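To start, the structure under review is shown below, and the notes come after it.
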Amino acid sequence: MAFLKKAYPIPKEELEELRMISNLDPEEICRLKDVFVRLVGGENGTLHKDAFLAIDFIENNPLKDRLAICFGYDRGIIDLDFPQFLRGTSRFNAKLSKDEKLRLAFRMQDFDNDGVLGKEDVKEYLTRVTTSSTLGDSELDDIVSEIFSEILANPKSTAISFQDFARCMAPTDFHTKLILPF
């Protein structure tokens, strides 16, 4: 089996366990083990949150703190072992259903973690991912109001539910682009 000839081979039993928790194929798991070892500087090391945030494509991402949460750094964890790193990576890179990817995207935009996207969540997201820094607050508020009027099924709602978000995103293929280039 070619996938066991990596720099840091993984025993078959452990590889099967990792496959089950990540939904990634064995070759990808072995490749990610090599990536992880390079990141932490040793086979049995852990990836500290600061080192995670310093990875080039993470560091330059306007949602890097939200990515860290998706990897588990929000639960008091400051160091990830390889299975935790693999689980976090799989949320982006494994073949998941569109619904699972939608839930991930929704969570990344729910800045106050209240289970809905309020106007402040949407405003924060737009501020981070666009060049909206040239817009004034009132212009940004107008854009957020327009987004709400287009997405919400009930115009009296004050927040975007996951169902509203999923209905809006359903015609897109964004979920195929929600990956991390490890």
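The values are calculated or read from the model by the stated rules, or taken from the named source; none is laboratory data. Computed from a predicted model, the values in this text were never measured in an experiment. Backbone-built Cβ (ideal geometry, glycine too); neighbour counts: all protein chains shown. In case anyone asks, the SASA skips ligands and DNA or RNA and just uses the protein heavy atoms, side chains included. Shrake-Rupley method; radii C 1.70, N 1.55, O 1.52, S 1.80 Å.
Let me spell it out: the conditions are (1) part of a loop (DSSP other than H, G, I, E, B); (2) open to solvent by less than 30 Å² (accessible area, probe 1.4 Å), and residue 108 meets all of them except one. Which number is the exception?
(1)
Filtering region 69-78 down to residues that are surrounded by 14 or more Cβ atoms within 10 Å (Cβ to Cβ) and over 12 Å from residue 91 (Cα atoms), which residue is farthest from the chain's Cα centre (by Cα)?
Filtering region 69-78 for residues surrounded by 14 or more Cβ atoms within 10 Å (Cβ to Cβ) gives 69-73, 77.
Still in the running and over 12 Å from residue 91 (Cα atoms): 73, 77.
Values: 73: 12, 77: 16 Å.
Applying the filter and picking the extreme gives 77.
Just name the residue that is nearest to residue 59 (Cα to Cα) out of those in region 92-129 that are out of contact with any strand residue (DSSP E or B) (no Cβ under 9 Å at 6 or more places or on another chain) and of a type in the set (Val, Ile, Thr).
129
Can you tell me which residues in region 79-97 are outside any helix (DSSP H, G or I) and in contact (Cβ under 8 Å) with a residue 24 or more places away in the chain?
Initially, region 79-97 is screened for residues outside any helix (DSSP H, G or I), giving 79-81, 94-97.
79, 80, 81, 94, 95, 96 - these are the residues of region 79-97 that are outside any helix (DSSP H, G or I) and in contact (Cβ under 8 Å) with a residue 24 or more places away in the chain.
When both residues are 6+ apart or on different chains and their Cβ atoms are under 7 Å apart, which pairs have a first residue that lies in region 117-132 and is over 10 Å from residue 143 (Cβ atoms), and a second that is β-branched (Val, Ile, Thr)?
Filtered contacts from region 117-132: 117/160; 118/158; 119/144.
Which members of region 130-142 meet the condition of being under 20 Å from residue 63 (Cβ atoms), open to solvent by less than 70 Å² (accessible area, probe 1.4 Å) and in a helix (DSSP H, G or I)?
Scanning region 130-142 gives 132, 140.
Would you confirm, using the coordinates I've provided, whether residue 106 is modelled with pLDDT of 95 or more, of a type in the set (Phe, Trp, Tyr) and closer than 29 Å to residue 9 by Cβ? Walk me through it before giving the result.
On the way: modelled with pLDDT of 95 or more: yes; of a type in the set (Phe, Trp, Tyr): yes; closer than 29 Å to residue 9 by Cβ: no.
Answer is no for this residue.
Output the residue which, of all residues in region 49-61 that are in a loop (DSSP other than H, G, I, E, B) and open to solvent by less than 60 Å² (accessible area, probe 1.4 Å), is nearest to residue 8 (Cα to Cα). Walk me through it before giving the result.
First, the residues of region 49-61 that are in a loop (DSSP other than H, G, I, E, B): 54-55, 60-61.
Narrowing further to those that are open to solvent by less than 60 Å² (accessible area, probe 1.4 Å): 54-55, 61.
Numbers: 54: 23, 55: 21, 61: 29 Å.
The residue in question is 55.
Of the residues 28, 14, 100, which single one is assigned to a helix (DSSP H, G or I) and touching a residue at least 24 places away in the same chain (Cβ under 8 Å)?
Values: 14 fails: touching a residue at least 24 places away in the same chain (Cβ under 8 Å); 100 fails: touching a residue at least 24 places away in the same chain (Cβ under 8 Å).
None of the others qualify; the one that does is 28.
So, of the residues in region 92-103 that are under 10 Å from the mean Cα position of the chain (by Cα) and under 27 Å from residue 9 (Cβ atoms), which turns out to be most open to solvent (accessible area, probe 1.4 Å)?
Per the stated criteria, the residue is 93.
Which ones in region 146-174 are assigned to a helix (DSSP H, G or I), modelled with pLDDT of 90 or more, open to solvent by less than 50 Å² (accessible area, probe 1.4 Å) and not aliphatic (A, V, I, L, M)? Before you say what the answer is, go through the steps one by one.
Keep residues of region 146-174 that are assigned to a helix (DSSP H, G or I), which gives 146-151, 162-169, 174.
Adding the requirement that they be modelled with pLDDT of 90 or more leaves 146-151, 162-169.
Add one more test, that the residue is open to solvent by less than 50 Å² (accessible area, probe 1.4 Å), and what stays is 147-148, 151, 162, 164-166, 169.
Hits for region 146-174 are 148, 162, 164, 165.
Assess whether residue 122 counts as being β-branched (Val, Ile, Thr), over 25 Å from residue 10 (Cβ atoms) and surrounded by fewer than 15 Cβ atoms within 10 Å (Cβ to Cβ).
No.
From the list 89, 46, 127, which residue is under 17 Å from residue 182 (Cβ atoms), of a type in the set (Ser, Thr, Tyr) and either more than 13 Å from the chain's Cα centre (by Cα) or open to solvent by 40 Å² or more (accessible area, probe 1.4 Å) (or both)?
Numbers: 89 fails: either more than 13 Å from the chain's Cα centre (by Cα) or open to solvent by 40 Å² or more (accessible area, probe 1.4 Å) (or both); 127 fails: under 17 Å from residue 182 (Cβ atoms).
None of the others qualify; the one that does is 46.
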